[in-house]
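Enquirer: I'd like to ask you about the structure that follows.
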Amino acid sequence: MPKNVGCLSVLNDIYTLILGDDLRERSRLVNSNEKVEINHGPTLVIHGGAGTIVRENYSVQKEYLDALKESLMAGHRILLSGGNSIDAVEAAVRIMEDCPLFNAGKGSVFTIGGKNELESSIMIGTSNHPAGASTLLHTVKNPITLAKTLLLDPENPHVFLGGIVAEEYAEKKGLEIVDPSYFWTKKRWKQHLEGLEKDNNNYLEMDSSPYPMGTVGAVAVDKNGIIATATSTGGMNNKKDGRIGDTPLIACGTWADNETCGVSGTGNGEFFIRYGIAQDVSSRMRYLGESVDEAAYNVIKNLGKVGGGGGVIALDKYGKVAMPFNTSGMYRGYIRVSDGIPIVYI
């Protein structure tokens, strides 16, 4: 994947502008006598969807595990070379958007009207909470790159764009535009038709095949302690045309805060929206003093109590990872620059 996508180059001065205060604060702490916790260093964690995932078909499961490893290695190469977390999460998510196995980009599910409607978001954990998000996309090949472009564009005053306006913006910025037919895949069309027959649009109940219909996402912390989160999805199988889920909604499906954690969620979006799931993990850390694994576990446990299904990946500034879920499975994994070994799970 090229370092720059389209005509919008990722310039060092933009990052300096966004990250300056946070980088200076980290330098002050390192040079002071304040206690610093053990730091695992640059780390990347990803998810490829949660739901009712069957284990019998080993060949398909191996495909997913290999794809997860490819995603991790794409982000790892950036972190290993000293790159920043936003480039790492974008690279990891783009791999999953381009892979037809996942419900994002090429492998997206269909709306009840037989369309692919994609959405995404990305966020940096600095104190001014920069973010970019997009929804109701039909022609943007990589929605996560659109979200990143919105965040980094100094001339763009908005966090969130959708529909035709978002697609026109993407084209203007030189992002890759495709015909809507690019997103069509045989297995997703089959799931769409089966869903119409069963009058069922809840992917957590529908997904009894090895192909998950959940969102994909990534969280990374780089050498400067900057956290970034990226999330992308095709949404719920047979959702109403025009439905917007939690993925592009900051604090619901995506969150990043350098002082607590970064979070990306996958599951029943309506519950993630109503309960602000992603930010809730961060809030428990900030106000209750919970660790990242305690906070993530408690949020998903409480999600189950109100009838919501899904999971999250979370990563704190020290590279500590949490990956809880309350469904039968979630495709997930992580990698640390310190050892370079991709660890993946179903």
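Enquirer: Quick query: amide H of THR215 versus all other amide H atoms, modeled in the peptide plane; which residues come in under 5 Å with a sequence gap of 5 or more or a different chain?
Expert: When sequence neighbours closer than 5 places are left aside, the close amide H contacts are ALA50, GLY267.
Enquirer: So for the pair ILE343, ASN128, with labels modelled 7 Å out along Cα→Cβ, what separation do we get in nm?
Expert: 3.6
Enquirer: Something else: Which shape class applies to the range 277-346: rounded if a/c is under 1.5, otherwise prolate when a/b exceeds b/c and oblate if not, where a ≥ b ≥ c are the square roots of the Cα gyration tensor eigenvalues?
Expert: oblate
Enquirer: Can I ask one more? What FRET efficiency do you get for LYS115 and LYS301 if R0 is 35 Å and r is their Cβ-Cβ distance, rounded to the nearest 0.05?
Expert: Efficiency, rounded to the nearest 0.05: 0.50.
Enquirer: Hey, what do the phi angles of the range 297-311 turn into as Karplus ³J(HN,Hα) couplings, whole Hz, using 6.51/-1.76/1.60 and θ = phi - 60°, x for Gly and Pro?
Expert: 4, 5, 5, 6, 4, 5, 4, x, 5, 9, x, x, x, x, x
Enquirer: Separate question: Cα to Cα, under 21 Å, and not fewer than 8 places away if on the same chain: which lysines meet these conditions relative to LYS239?
Expert: Excluding near neighbours in sequence, the set is LYS106, LYS115, LYS141, LYS186, LYS187, LYS190, LYS198.
Enquirer: Of CYS252, MET285, ASN237, which is farthest along the charge dipole of the range 177-332 in the positive direction, counting Lys and Arg as +1 and Asp and Glu as -1 at C-beta?
Expert: ASN237
Enquirer: What percentages make up the Cα-Cα pair-distance distribution of the range 38-345 when the bins are 20 Å wide from 0?
Expert: Reading the bins upward from 0: 39, 58, 3.
Enquirer: Using a Förster distance of 25 Å, how high is the FRET efficiency between LYS223 and GLU259, based on the Cβ-Cβ distance and rounded to 0.05? Provide the component values of the computation, followed by the final result.
Expert: Values: r = 17 Å, r/R0 = 0.70.
In this case the efficiency is close to 0.90.
Enquirer: For the range 69-111, what does the relative contact order come out to in percent, with C-alpha contacts under 8 Å and a separation of six or more?
Expert: This gives 28 percent for the range 69-111.
Enquirer: What are the ³J(HN,Hα) values, in whole Hz, obtained from phi via the Karplus relation 6.51 cos²θ - 1.76 cosθ + 1.60 with θ = phi - 60°, for each residue of the range 214-220 in sequence order, with x given for Gly and Pro?
Expert: x, 5, 10, x, 8, 10, 9
Enquirer: Long-range amide H contacts for LEU136: which residues qualify at under 5 Å (H placed 1.01 Å from N, peptide plane, sequence gap of 5 or more or a different chain)?
Expert: Long-range HN contacts for LEU136: LEU118, GLY163.
Enquirer: Also, quick follow-up: Using a basic spin-label model with each label point 7 Å from the Cα along Cα→Cβ, how many nm lie between GLU171 and TRP184?
Expert: Inter-label distance under the simple model: 2.1 nm.
Enquirer: Another question about this same structure. So what are the ³J(HN,Hα) numbers for the range 86-93, from phi and the Karplus equation (6.51, -1.76, 1.60; θ = phi - 60°), rounded to whole Hz, Gly and Pro as x?
Expert: Going residue by residue, I get 5, 5, 5, 6, 4, 4, 5, 6 Hz, with x marking Gly and Pro.
Enquirer: On full extension of the chain, what length is gained from ARG286 through LEU80, given 0.36 nm per residue of separation minus the C-alpha to C-alpha distance?
Expert: Values: separation 206, 0.36 × 206 = 74.16 nm, distance 2.94 nm.
Extra length available between ARG286 and LEU80 comes to 71.2 nm.
Bear in mind that the values in this text are calculations on the coordinates, not laboratory data. Since this is a predicted model, take the numbers as computed values, not measurements. Glycine gets a Cβ as well: all are built from the backbone with ideal geometry, and neighbour counts include every protein chain shown.
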